[in-house]
Amino acid sequence: MRLILNVIWLVLAGFWMAVGYAVAGLICCVLIITIPWGIASFRIANYALWPFGREVVDKPGAGTGSLLGNVIWIIVAGFWLAIGHIVTGIALCVTIIGIPLGVANFKLVKVSLVPLGKEIVEVP
């Protein structure tokens, strides 16, 4: 079932979201000071490409630096990304087939708001 949902996700929303996050990661990696956000953006791109069967958890040892970086991220980009995921999730939930995809989009809201100090792990 995860494979089927991931393939449908990839076709309907995942590919374009992953491309968007990858482009944002490349832009962030141009400046040396924004490399942590670029790496986080690449991590989100990977998750946005194939979300079913994985989840976002807090990384142990993430501290004040992650908190400060996340506050800056929310102000600069996180708020707008979260709104985009919420709108897309609502649009996907209009059909019965799209409900699991909309729920996956709502899961991406949390990591799009605060990407630093998070880790993506496989669900057993």
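The values are calculated or read from the model by the stated rules, or taken from the named source; none is laboratory data. Please read all numbers here as calculations on a predicted model, not as lab measurements. Backbone-built Cβ (ideal geometry, glycine too); neighbour counts: all protein chains shown. Heavy atoms of the whole protein, side chains included, go into the accessibility calculation; ligands, DNA and RNA do not. Shrake-Rupley method; radii C 1.70, N 1.55, O 1.52, S 1.80 Å.
Quick notes
- Efficiency of FRET from Cβ geometry, Ile86 and Ile35, R₀ 25 Å, rounded to 0.05: 0.35
- Modelled FRET efficiency - R0 22 Å, Cys93 with Leu3, Cβ distances, 0.05 increments: 0.55
- C-alpha long axis of helix 99-113 to longest principal axis of the chain, angle in °: 0 degrees
- The alpha-carbon positions of the chain define a convex hull whose volume is 87 Å³ per residue.
- Protein-only accessible surface order, largest first, of Trp16, Trp9 at 1.4 Å: Trp16, Trp9
- For segment 4-20, 3J(HN,Hα) per residue [Karplus equation, 6.51 cos²θ - 1.76 cosθ + 1.60, θ = phi - 60°, Hz, x = Gly/Pro]: 5, 5, 5, 5, 4, 4, 4, 6, 7, 9, x, 4, 5, 5, 5, 4, x
- Ranking by accessible area, most exposed first, for Val30, Val111, Val123 with a 1.4 Å probe: Val30, Val123, Val111
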